[in-house]
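The values are calculated or read from the model by the stated rules, or taken from the named source; none is laboratory data. Source: prediction; values computed, not measured. So basically every Cβ, Gly included, is an ideal-geometry build from the backbone, and we count neighbours across all protein chains shown.
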Amino acid sequence: MTQKPEYHGDVAETYEALIEHPDADDLPLARALDNGIKAIGHVVMWANLILMMAIIVQVVLRYALNMNFPKLDELQWHFYGLVTMIGVSYALTTDSHVRVDLLYMQLSNRAQRIVEIIGILFLLAPFIYLMIDQGYDYFAESYRVNERSSSATGLPFLWAFKALIPVSFVLLGIAALARLMHDVHAIVTRRDTDEGKGLMLPLTALLIAFVIAAGLSTLVETTEEMLVISMFLTFIGILFTGFPVAWALAGTGMIFAGLGYHFDMGNMAWTGLEDTFTGLDYLTLGSVVNRVYATMSNAVLVALPMFIFMGLMLDESGVAERLMTAMTRLFGTVRGGLAITVTLIGIILAASTGIVGASVVLLGVLSLPAMMQHNYSKSLATGVVAASGTLGILIPPSIMLVIMADQMALSVGDLFMAAALPGMLLGVIYLLYIFIIALLKPSSAPAPADAKRIDWPIIRDVIIAVLPPLALILSVLGSIFAGICTPTEASGIGAAGATLLALGYRKLTWAKTWNVLKATFNTTAYIFAIFLGATIFSFVLRELGGDELIESLVTSTGLGPNGTVIFILGIVFLLGFVLDWIEITLIVLPLMRPIVNGLGLDIPGFGEIDEPALIWFVILVAVALQTSFLTPPVGFSLFYLKGVCPPSIRLTDIYKGIVPFVLLQLFGLALVFMWPALTTWLPSVAY
């Protein structure tokens, strides 16, 4: 999972310091607004624990007492909606949103603040206004008719849940206002140092995007097609200014909705372009509110915070440290044993956490000092850690697969089963590569001089260390694969199981529980914020005819069914250099569904599963997106790893180290492409 550090750069650290240390700033109103948002967030984040308990109660009642309460189902997505919608403003206050900070971090503090001010005023503020205005009307209509659940035994007062939309965006507006006040005050009073570069970098990024858009626009036939191309490139240009991804998406959607409206009205004749018939206007955009409600009440996405909680709690439980200690004693006696240990632990963590950022950081902290002490090649050591940590995005329970299932209208359980073999295959490929490198180039992965002979106590310690996480994996994935629990129910079981492990290892304290809840709250919030931004972006894109344009471009290549799939995977791979997996999954992937369905691919479903071609394609995209964590300039695993590397390891060492693993991932992708049964056989057996 792409989990960015909570704060980014000097501005973010200064900003957080202003909140935590009131004497450092003379803006009491802004501080009060910040602290008010944080106080609300600190209360709401405990709803994740209530959500976990509601899931556990539901499972117990169903299987122990043969009782079913629809109200419990609805309570779950009510709590999910509460956590995500309120969390968005909290994430803005703590600066936890994902941003592409490749250029942003090189800017001076003053330039960073100017970027933020412009972004809030022209990208975020219009979106907030739309959602408050239209969200209030949406709630008011529900209140007027006293709307309740569509189920006779469901919850009453559905209008109260819909009130979350305008309320949460009011809170987001307050958080944005507080940031504006701090930024403007810092610029006016010149509180910031002026180290770093000015605004030329982000302006250059935007200029390049506009030039490319202008060039490509000459190749299209209609104004709508020109707007679609310009919309994509404008988004990428804004992305490289360092403004948060979620609001870059939302703001770009608002801007091009306005352009589409003016082209419809004939107000753009001065451009020399033809008028359009997009139908975009303010009321049309209001329908986005209904899509936001559908997202915050999505029963499938309830699993999202629970799997995140599970992974973070496992990191706090000490499971990885125990595994590292025991398995190092077992495999540390052979050449390349430490690298093999890291990969095996990466596989276990992937099947029990699915949090890429946490896995990479944890593996780096635990293994890099030891590998440097044993004279491992810096590139091999960093490559193994970065690649092994990314397995969590593919091996179930994967957050990415949950979102893909939702976007492609597929079963989460089907995708989990379909991804299991490809994910394990990649892990085996990594192990074989390490073994071969250790044989061919012994100096890169030497055996320790003080290696001890393997005996029963060592094997016993490994078994004791491995059994608890394996039991957790079995309880989560086993219950899904056996059809005992839904993925949402299994996520709650996994979250409770991870908590019990931390309790059993005597690692569970109030401070750690607080940290896990806060990190879960923040992580879920920034993912959901990207959902919000992608909702309006994709809506405007479709209204402009983006889906038809992309479909015609892909199908006009004349490459045939397999060639078309390879072409799409190539696009996804290249997009992974500049975009995060979340944006690609939410924006690009749904556009490919009609294309893939129209290819007539003959993929074996073994007579048991529906849409085997679509399942195969989604897993191919998932494997391709795994490379996005390792490919610069936006390979997040590289930055996670650099943050915990010993001083002797440079960024160039990391770049050298990931090259062979990117090639190995592409090799694994080729194997899944050539043998589709790797993805469809296991789901068919489960049925």
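The residue of the range 576-591 that is nearest to Ile527 (Cα to Cα), among those that are in contact (Cβ under 8 Å) with a residue 40 or more places away in the chain and of a type in the set (A, V, I, L, M), is Ile582. Does at least one position in the range 100-111 carry a residue that is under 12 Å from Trp247 (Cβ atoms), of a type outside the set (Val, Ile, Thr) and surrounded by 24 or more Cβ atoms within 10 Å (Cβ to Cβ)? No, there is no match, as no residue in the range 100-111 is under 12 Å from Trp247 (Cβ atoms), of a type outside the set (Val, Ile, Thr) and surrounded by 24 or more Cβ atoms within 10 Å (Cβ to Cβ). Output yes when any residue across the range 560-580 is in contact with a Gly (Cβ under 7 Å, 6 or more places away or on another chain) and either of a type in the set (D, E, K, R) or surrounded by fewer than 17 Cβ atoms within 10 Å (Cβ to Cβ) (or both), and no when none is. Yes - at least one qualifying residue is present in the range 560-580.
Can you find even one residue in the range 396-414 that is closer than 20 Å to Met306 by Cα, among the charged types (D, E, K, R) and in contact (Cβ under 8 Å) with a residue 60 or more places away in the chain? Yes; the residues of the range 396-414 include at least one that is closer than 20 Å to Met306 by Cα, among the charged types (D, E, K, R) and in contact (Cβ under 8 Å) with a residue 60 or more places away in the chain.
If you check Gly266, Gly258 for being outside the structural domain of Ser491 (by TED's automatic domain parsing) and either at pLDDT 90 or above or crowded, with 18+ Cβ neighbours inside 10 Å (or both), only one passes: Gly258. Residues that are more than 19 Å from the chain's Cα centre (by Cα) and either outside the structural domain of Asp34 (by TED's automatic domain parsing) or among the hydrophobic types (A, V, I, L, M, F, W, C) (or both) were ranked within the range 68-92; the one that is nearest to Tyr526 (Cα to Cα) is Leu82. Output the residues belonging to the range 228-265 that are among the hydroxyl-bearing types (Ser, Thr, Tyr), part of a helix (DSSP H, G or I) and either in contact (Cβ under 8 Å) with a residue 24 or more places away in the chain or within 17 Å of Trp581 (Cα to Cα) (or both). Residues satisfying the conditions are Ser230, Thr234, Thr252. The residues in the range 64-86 that are surrounded by 16 or more Cβ atoms within 10 Å (Cβ to Cβ) and polar (S, T, N, Q) can be counted, and the count is 2. Can you tell which of Leu171, Leu123 is within 30 Å of the chain's Cα centre (by Cα), farther than 21 Å from Val83 by Cα and not in a loop (DSSP other than H, G, I, E, B)? The conditions single out Leu123. The sole residue among Gly494, Gly504 that is within 17 Å of Leu312 (Cα to Cα), buried (at least 19 other Cβ atoms within 10 Å of the Cβ) and at pLDDT 85 or above is Gly494. Any idea which residue in the range 566-582 is nearest to Val356 (Cα to Cα), counting only those that are outside any helix (DSSP H, G or I) and of a type outside the set (A, V, I, L, M)? The residue in question is Asp580. Taking the criterion of being under 25 Å from Phe521 (Cα atoms), among the charged types (D, E, K, R) and at pLDDT 90 or above, the only residue of the range 94-145 that qualifies is Glu116.
Between a residue in the range 168-191 that is in contact (Cβ under 8 Å) with a residue 12 or more places away in the chain and within 18 Å of Met131 (Cβ to Cβ) and any residue that is surrounded by fewer than 16 Cβ atoms within 10 Å (Cβ to Cβ) and among the aromatic types (Phe, Trp, Tyr), which pairs come within a Cβ distance under 9 Å, given they are 6 or more apart or on different chains? As it stands, the answer is Phe169/Tyr129; Gly173/Tyr129, since those pairs meet every condition given.
Kindly evaluate Ile308 against the criterion of being surrounded by 18 or more Cβ atoms within 10 Å (Cβ to Cβ) and in contact with a Pro (Cβ under 9 Å, 6 or more places away or on another chain). So Ile308 fails the test.
Screening the candidates Gly668, Gly643 for the property of being loosely packed, with under 14 Cβ neighbours inside 10 Å and within 24 Å of the chain's Cα centre (by Cα) yields one hit, Gly643. If you go through the range 277-296 and pick out every residue that is touching a residue at least 60 places away in the same chain (Cβ under 8 Å) and either assigned by TED's automatic domain parsing to the domain that holds Ala358 or of a type outside the set (Ser, Thr, Tyr) (or both), you end up with 10.
Within the range 133-151, residues that are in contact (Cβ under 8 Å) with a residue 12 or more places away in the chain reach partners that are among the polar types (S, T, N, Q) with beta carbons closer than 9 Å, at six or more positions or on different chains, in the pairs Gln134/Ser287; Gly135/Ser168; Tyr138/Asn290.
Glu221 falls short on exactly one of the conditions (1) in contact with a Phe, Trp or Tyr (Cβ under 8 Å, 6 or more places away or on another chain); (2) free of Cβ contacts under 8 Å to residues at least 40 places away in the same chain; (3) among the charged types (D, E, K, R), and that condition is (1).
Mind listing whichever residues of the range 26-59 are of a type in the set (Asp, Glu) and crowded, with 18+ Cβ neighbours inside 10 Å? Result: Asp34, single match. Of the residues contained in the range 455-467, none is found to be more than 30 Å from Asp653 (Cβ to Cβ), surrounded by 20 or more Cβ atoms within 10 Å (Cβ to Cβ) and not hydrophobic (A, V, I, L, M, F, W, C). Candidates in the range 313-338 are the residues that are touching a Ser or Thr at 6+ places or on another chain (Cβ under 6 Å) and hydrophobic (A, V, I, L, M, F, W, C); of these, the one that is surrounded by the fewest Cβ atoms within 10 Å (Cβ to Cβ) is Phe331.
For the range 503-517, what are the residues that are among the hydroxyl-bearing types (Ser, Thr, Tyr) and assigned to a helix (DSSP H, G or I)? Of everything in the range 503-517, just one residue is among the hydroxyl-bearing types (Ser, Thr, Tyr) and assigned to a helix (DSSP H, G or I), namely Thr513. Applying the set (1) assigned to a helix (DSSP H, G or I); (2) touching a residue at least 40 places away in the same chain (Cβ under 8 Å); (3) out of contact with any Cys (no Cβ under 7 Å at 6 or more places or on another chain) to Leu500 leaves exactly one unmet item: (2). In the range 381-410, what residues are small (Gly, Ala, Ser) and either in contact with a Ser or Thr (Cβ under 7 Å, 6 or more places away or on another chain) or closer than 22 Å to Phe673 by Cβ (or both)? The answer is Ala386, Ala387, Ser388, Gly389, Gly392, Ser398, Ala405.
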